[in-house]
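Chemist: Shown below is the structure under consideration.
The values are calculated or read from the model by the stated rules, or taken from the named source; none is laboratory data. A quick note: this is a predicted structure, and the numbers were derived from the prediction, not measured. Positions of Cβ are backbone-derived with ideal geometry, glycine not excepted, and every protein chain shown enters the neighbour counts.
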Amino acid sequence: MIQEWQIKSRNDGCDGCQVGFVDQQAYYTVLRFGEKGYTRRDLCESCREKADDDAQVISSWKGIYRVSRPPRKSTRLTTDAMEQLLREHMEIEEEANTSMIYLLAVMLERKRVLIEREVNRDDARKVRVYEHRQSGETFLVRDPELRLDELEDVRREVLATLRGEALSEGEDAEETSPGTDGCDDDADAQTEGAGASS
Ligand SMILES: [Zn+2]
């Protein structure tokens, strides 16, 4: 079975010649869709020239490799919370999360955390391909093609969840960095609550 949502990590080196990427180096991502679902390859410029496209290639783009740096806390809190919520929901893989995953991806695109690379349609399903600007990961997100009023409901739900997390994080953010485990528990509890009430 092909998973609805997937995050594909960027490699730290070329899949062709195996040479590691350096900071600010241009690389080429090739996304294929085949029997095993989505596969991703990252290539350096010379390997890209040698590689040949085939029918399974659904998308390819040029990226800039960036050595990851720790995010600045004060300005990144909101987008970090959005990103964490998106990753948690994509891991859970529940049909009920489709709308929230999609909206979080759209919001993160507006915040310039994600870049939309491709819109792909297979089996009447629309899948949007996003690239994480900093980490280079590929996010495959199903577009539920919601109406505007449906989108607004989801948007409210997302903002309410984020506000809840921001409040609980804000209390001790100055002294201790919030542990990942604690955040996971919060998000799970809120997700269950939202599901039960609807
Ligand atoms: Zn190479």
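Chemist: If you check Gln6, Gln18, Gln25, which single one turns out to be within 16 Å of the ligand (Cβ to nearest atom), outside the structural domain of Glu145 (by TED's automatic domain parsing) and touching a residue at least 40 places away in the same chain (Cβ under 8 Å)?
Modeler: Gln25
Let's see how each residue does on (1) out of contact with any strand residue (DSSP E or B) (no Cβ under 9 Å at 6 or more places or on another chain); (2) under 17 Å from Arg121 (Cβ atoms); (3) buried (at least 19 other Cβ atoms within 10 Å of the Cβ); (4) of a type in the set (A, V, I, L, M):
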| residue | (1), (2), (3), (4) |
| --- | --- |
| Asn11 | no, no, no, no |
| Gln18 | yes, no, no, no |
| Phe21 | no, no, yes, no |
| Gln24 | no, no, no, no |
| Tyr27 | no, no, yes, no |
| Phe33 | no, yes, no, no |
| Thr39 | no, no, no, no |
| Asp42 | no, no, yes, no |
| Ser46 | yes, no, no, no |
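Chemist: Which of the residues belonging to region 121-162 are in contact with a Lys or Arg (Cβ under 8 Å, 6 or more places away or on another chain) and more than 16 Å from Ile7 (Cβ to Cβ)?
Modeler: Arg125, Lys126, Asp143, Glu145
Chemist: Scan region 19-42 for residues that are of a type in the set (Asp, Glu) and closer than 15 Å to Arg117 by Cα and jot them down.
Modeler: Result: Asp42, single match.
Chemist: Okay, moving on. Any idea how many residues of region 69-95 are at pLDDT below 80 and surrounded by 11 or more Cβ atoms within 10 Å (Cβ to Cβ)?
Modeler: Result for region 69-95: 6.
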